Every structure is written in structure tokens, then in C-alpha cells.
Amino acid sequence: MATGSLLDLSELVVAVTGAGGNIGSGIARRLSEAGAGVLLHTRTSPPAVDDFPGPIASVQCDLDADGAPDQVLAAGIEHFGRVDALVNNAGIQPVAALTEVSPDDFRAMFETNVTSAHRLTMALAAHLEDRGGTGSIVHVASIEGLQPAPGHGHYASAKAALRMHARASALELGPRGVRVNVVSPGLIARPGIEEQWPEGVERWQQAAPLGRLGEPEDVANACAFLLSDLSSWITGAEIIVDGGVLARPTW
């Protein structure tokens, strides 16, 4: 098959969680541009979708709530008739020293960033098995799952758990035709970041061999590859999208 056809996602219906955020909206838009039907999940207000070229639907719910995975899948089934793939992108990133993180805050970090992804992954796997279909799942983790930063210890711990969850899911769901992979971004540009954190942006630009912050589209392109037939023999893998920052020696 031609490479272009392997990157064509027009046969897929993909649910993207956290689609109202900076990275999530970028992922959803890129998948739409590749032809996929996209189910956009948000926790509160629906995202702006005026420039999405492909078919879309949306669902609003708190992923920590009882029945949330069924609600997400039901929305996709109602609109598209099925769901084939999933991008677990929803998450939170409060900044606090570990000594200041309460047990409830620590629990909430894992509930939102890990447990919700687990529940959705298992729900989609069951839906695919009922249909006799195959599918692909991408967890959006972070390079902080490999290298923590001060004030991000609970976030880094959750993202490390999400990385291992993808590998464990790949092992157990592979025989059922479900692939599970990870995309771990570095610092991604967002409106106002240069004004809000100028010293951090400068440090990142100096540390990155490619000399810039990432864009949401950089993360989205990695997700599109892992959802496409170009990655049909890839599962349990991780793509680092950080401009080369983790390649720099720390000594």
C-alpha cells in the first residue's frame, strides 16, 4: 500500500479525552485532518470546532465519575455507530512540593491522570471485543515520567505509572488485536507561556538540540502515526516528543 493510504485515518473513529486543552485540541484537529471521525471529550464546555474538516461529535463528563467510560463510548456509538481508537490525553498538572501534597491531592492526581485512562482503555477493549474488531490506544504521558522536576513529583509519578500501564495493556490486550502505545511530550508552547515563564522557556530552548518548544501539532503527529496502519506492528512502545532534551547529558 502507498504510504499516503497508510496514513489515511478515514476508516477510524477516535475518542480524544481532554480535547478542550492546548494539546488535546491539537491532537483532535490533526486526526480530523487525517480523515478520522473524532469524538471530542471535555470536562466542561465543548471545544471550538469550526475549523475541523472531518466529522466530529462531542461529549462532556468528569472522567472520574461513575459511568464516565460508558458515557464516552455511548456518545461515539450514538453519533458514529462505533469507536475504534482512543487517545487518553486528559490530565491535570498542579504544581506543589511533595511535602505539601495532601493524600487527597495525590489521590486526585492518579485518579485523573491514570485511573481514568485505565477505565477508558478497558471499556474500549470490551467494546472492540464485542464487535470482533481491532483497535489502537495512545496514552499521552510526559517526559517527566522519566525525569521529574521540582514541584512536579506527584505529576511525574502519575505519568510514570501511565507509561507502565500502556506497556502492561499492550501485553494483555495484544492477543485481542488492541495496540497500546505512549507519546511523551516535553514542553509544549501555549499562548502566553513566554510572558508567564520566560526563564523556563529560555532554559528549554537552550537545552533542546532542536532549539525550540514543541507545538501541539508535534504531539498530534506522533499520535496520528501510532493510530495509523504505519504502526501496525508497534505496541507497548513510547515516542518521546521533546526536541531532543532527554538526549542531553545531565552531568
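For the range 19-142, report the accessible area per residue in Å² (1.4 Å probe, heavy atoms, rounded to an integer).
The answer is 45 Å² per residue.
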Could you tell me which of rounded, prolate or oblate describes the range 203-251, using a ≥ b ≥ c as the square roots of the eigenvalues of the alpha-carbon gyration tensor, with rounded for a/c under 1.5 and, failing that, prolate when a/b is larger than b/c and oblate otherwise?
oblate
Tilt of helix 198-207 relative to the longest C-alpha principal axis of the chain, in degrees (0 to 90, nearest 10)?
80 degrees
Can you give the FRET efficiency to the nearest 0.05 for Glu217 and Asp66, using r as the Cβ-Cβ distance and R₀ = 25 Å?
0.10
May I ask for the angle, rounded to the nearest 10°, between helix 22-33 and the longest principal axis of the chain, with both axes built from Cα atoms and the value confined to 0 to 90°?
40 degrees
Determine, from the Cβ-Cβ distance of Thr250 and Asp105 and an R0 of 45 Å, the FRET efficiency 1/(1 + (r/R0)^6), rounded to the nearest 0.05.
0.95
Between the range 205-250 and the range 111-147, what's the alpha-carbon centroid distance in Å?
19 Å
Between [x] 1, 6, 14, 18, 20, 17, 12, 7, 3, 1, 0; [y] 1, 6, 12, 15, 16, 15, 13, 10, 8, 4, 1, 0, 0; [z] 1, 5, 9, 11, 11, 11, 10, 10, 9, 8, 6, 5, 3, 1, 0, 0, 0, which matches P(r) over Cα pairs in 5 Å bins from 0, in percent calculated for the structure shown?
[x]
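Can you send over the carbon and sulfur percentage of the accessible area for the range 1-153, probe radius 1.4 Å, protein chains only?
Details: 3640 of 6980 Å².
It is 52 percent, rounded to a whole number.
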Output the 0 to 90 degree angle, nearest 10, between the alpha-carbon long axis of helix 153-173 and the longest principal axis computed from the alpha carbons of the chain.
30 degrees
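The values are calculated or read from the model by the stated rules, or taken from the named source; none is laboratory data. Being a predicted model, the structure only gives us computed values, none of them experimental. Reconstructed Cβ throughout: ideal geometry from the backbone, glycine too, with neighbour counts over all protein chains shown. Only protein heavy atoms, including side chains, enter the accessible area calculation; ligands, DNA and RNA are left aside. Shrake-Rupley method; radii C 1.70, N 1.55, O 1.52, S 1.80 Å.
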